[in-house]
Each structure stands twice: as structure tokens, then as C-alpha cells.
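What follows is one structure encoded as C-alpha cells, with my remarks underneath.
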């Protein structure tokens, strides 16, 4: 990554942090009074983040967030919006006709609270949009220079004048922004965000001691199930999006995606897949009854805190037992997902018993997702690393069947994958193994003139191909030579130029390194 791109990437992360803090302040305004200490602290947290940004980048004249087609952008890069408050703020701005938010270095706490209160309270009156009414209020109070909203016309004028960005305008590449820009992921991403919001609302009601409304979550589970059944390849990439704040919600949605994907080949009745997906979404619902500062602590919990966290399976099962519309599969997953078949784990049971198969899979996905996610106190692992670490974890004992299902669905080299070996040979994966995720069974691929053939002999990549040689390693995966790459079909002048043809003419290995 170039120095310029690195600087731009840092600014985008800072922009995402600022928007996230604004979203939390707006959420706290709805939940508490405008004088409540928690709401005021959220506002002050936003102001501090804003001040830090301008202090680090004195050349910036303002922080501007732009909303287009339901997506919020900062410096031309889409923000992930993978926290429920951020999702709700984006939707609220859209409802109010707000196309952009601007904050200058002299934005104050008083100006911010006026803006937030106005956004929540103003509705279109038929003559002007809510955004226009809010701007008039800010201007009347002399606050417009400090912060403000952009209507569609104002944003168009700003773009035309070239005043939208200051400094570098380089697009930042990376897993999150790259995925968010893909049009084919627009619908899955919206379903993902809807599930986050529904889970957040449900757990907020439970945490407040109010009757949970399960309908929106069930609807989200249905949409996820339908999506996985129709085009799982468009949903699984969403589990790789980075997230940090309020990660309980993202974690649960990701576990749902992993579980439904792994079960899809085995389940004939879609309703069974739906029940499993709903159980995965709700497996951590008991955490809604634990203190937030404990759940989102930025260091490893100490022993007393650990014991408090370990209450969440019992709390979750009790809540779900009293919730109409929740089946036994979800109750079992909530209660048992930290228990193991040999009686270890928690909560401690009076006798050993086998885990329900769906619960065992939820437990395996729970560990796998945590390994592949970043936390304040640990780095994220790649899927290949996670599979290897999983097998050595004491808390994963007895979950090997669930891991096997996950591995078959998520293996870095699933059966049918064409790979290049460090020997220079090409091969196709025929079978995988959970204890050696990077060393599957393969058959060699031979190219002779215009013919591609696959050897009938299967090779074990934990064993050498020839005497006195080390076992070969997979260098990288390759798309199938019998399929046209979608990206090539979109960009190539000759869509018929397939991977097969490139393999035959010798250009595939030369250009894909």
C-alpha cells in the first residue's frame, strides 16, 4: 500500500469512528432524556473524536458524510455501517431527506445536541423537507457554520463546485470497502443490516425488562435462509467484513450465516434450516441481560468478570422459554452452546448428555467466528489459521463433527478447487480433511496440447509425490479452467476468453501470480 493510500485508509477509519459515535449519540437520545448523563457523554464522545480528527489533519476544512442510495460515504469510500445504531441513523437520515452531514472544526456540544434533537423531531410538512426545516433552524440560531445538513440539491451543487473533498481523493482498497462497492452484494448487505437492527432491538427490549417482539427477527431469519438457499456465495463474504463496536450483534448474524450455509446440503425442509438459523441468531441473547461495559471491555475479562459472562446461556434460555413463537431448537442452542459432550464447559449440568446436532454446529460456528473476528484484545485469524487453531482449543473438544460441516462449507480449498502446487504442478482438490485444512487430497491436472486431463490417481498432500521430496504445498487457488471468470466477462473485450483457454496458451500462471 502506498503512503498516500495508507493515509487515506487511516482517515476513512477515523471517519467511520466519528459516524459511529454520532449514531450512538442519536440512539441514546431516543432512549434517554436530552439531559441524561449517558446521552450527554455520547455527545461529548463524538465531539472528542471530531476534535482529534481535525487536530491530526489541520488541512481539513470539514468532515462530510454523504448518503447515496442508502449507503453512507466518507471521502468517496462506503462506510460499513455494521453496528445497529449506525444502521438506524442511516435509515433515519434517508427518511428525513438528508443527503449529507457536515461538521466543521468549531462544532460545539450545544450545536450537536440541537442538531440531534432536530433530526429526531422534524418531519416533512409537505412544503419543505425535514432537512430543509432543520437547516433553517440551525441558521436562525447561528449554528449553520458549525454543522449542518445537505439536501439533494445542496449536495449536487457542492459536488459540481468541487468542494466535496479536501486532500487526497484516492479510493481506499480493502476487504470492507471493496465488498461494499459490489452491486451483487447490495441485497445481501441490506438483509444483513436488517438482521443486525432486528437483533439489536430485540436484545434492547429484553435488557430493559420489556416484552420482546420476535417478529422482525423471524423475518430477518427468513430472508437469510432464503438467501442462503438461493445464492449462498453472495452472503458468505459478508462474514469477512470488519466490525468492532457492539460486536455481539455482528457475531450472532455471522454465526447464523455460517450455520445455515453448513446445513444447507443436509436439510431437505427449508423450515428446518429456518429454525436452525433462528437458533443461531439467538444463541447469545442472554448477553442482553449483562452490563454493556463488561461485554465490550477492551481487555481480556478477569476471573470474576468471566464468571458473570458465563451466566448468559442460562439467562438466554430463560428468556426464550418465556417468549412466544420460539421453538425448542433456539432454547437448546442458547443454553448449551458453551457445553461440551464430555460434560465440560458451562453451564455445569447434572449429567453428561449429547448435544443437539444443531447446537453442536452453533457451538463450532461460535468459536470459528470468534477466531476469525477482530476484538479489542486480539487479532483476527484467516479461515485457514482458524481451522488449525480450533483443533487445539480445549473448549472445542467434542465439536469435531460441527467443525467438519463448517470445513466442508468454508474450506479454503473445497472439493473441486483448482490449485497450483509449489512443485509447479496443477491439481484439483478431491477431498478435504479437518485436521489438515491446507493439505487436502488432490488429483493432478495435465495439459497436453489442446487437452486438459485429470489424473485418476488421488494424492495426499501430507505425503510426498515422489521419494526423497517433501510433501507439496498449495501455493494458491485458481478458478476452474472450464468457467469464465465473472470479472473477466465484465471487463474483457472477448468474454469467451476462459480460464481454460488461458491455461492452454500458458498465460494463466504467468499473469495470476
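The values are calculated or read from the model by the stated rules, or taken from the named source; none is laboratory data. All figures in this text were calculated on a predicted structure; none of them were measured in a lab. Neighbour counts run over all protein chains shown; Cβ positions are idealised from the backbone, glycine included.
Here are the numbers for the structure shown:
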read-out: Only listed residue being surrounded by 15 or more Cβ atoms within 10 Å (Cβ to Cβ), in contact (Cβ under 8 Å) with a residue 40 or more places away in the chain and touching a helix residue (DSSP H, G or I) at 6+ places or on another chain (Cβ under 9 Å), chosen from 403, 381, 361; value: 361
read-out: Residue in the range 45-54 that is buried (at least 21 other Cβ atoms within 10 Å of the Cβ), farther than 17 Å from residue 83 by Cβ and modelled with pLDDT of 90 or more present; value: yes
read-out: The one condition in (1) modelled with pLDDT of 80 or more; (2) buried (at least 19 other Cβ atoms within 10 Å of the Cβ) that residue 410 fails to fulfil; value: (1)
read-out: Positions within the range 357-397 being closer than 16 Å to residue 262 by Cα and at pLDDT below 85, in sequence order; value: 383, 387
read-out: Residues that are within 22 Å of residue 406 (Cβ to Cβ), assigned to a loop (DSSP other than H, G, I, E, B), touching a strand residue (DSSP E or B) at 6+ places or on another chain (Cβ under 8 Å) and at pLDDT 85 or above, drawn from the range 432-480; value: 439, 440, 461
read-out: So residue 226, is it modelled with pLDDT of 90 or more and touching a helix residue (DSSP H, G or I) at 6+ places or on another chain (Cβ under 9 Å); value: yes
read-out: Residue within the range 314-333 that is without any contact (Cβ under 8 Å) to a residue 12 or more places away in the chain and assigned to a loop (DSSP other than H, G, I, E, B) present; value: yes
read-out: Residue in the range 275-285 that is at pLDDT 90 or above and more than 13 Å from residue 362 (Cα to Cα) present; value: yes
read-out: Residue in the range 277-296 that is surrounded by fewer than 21 Cβ atoms within 10 Å (Cβ to Cβ), under 19 Å from the mean Cα position of the chain (by Cα) and in the same structural domain as residue 207 (by TED's automatic domain parsing) present; value: yes
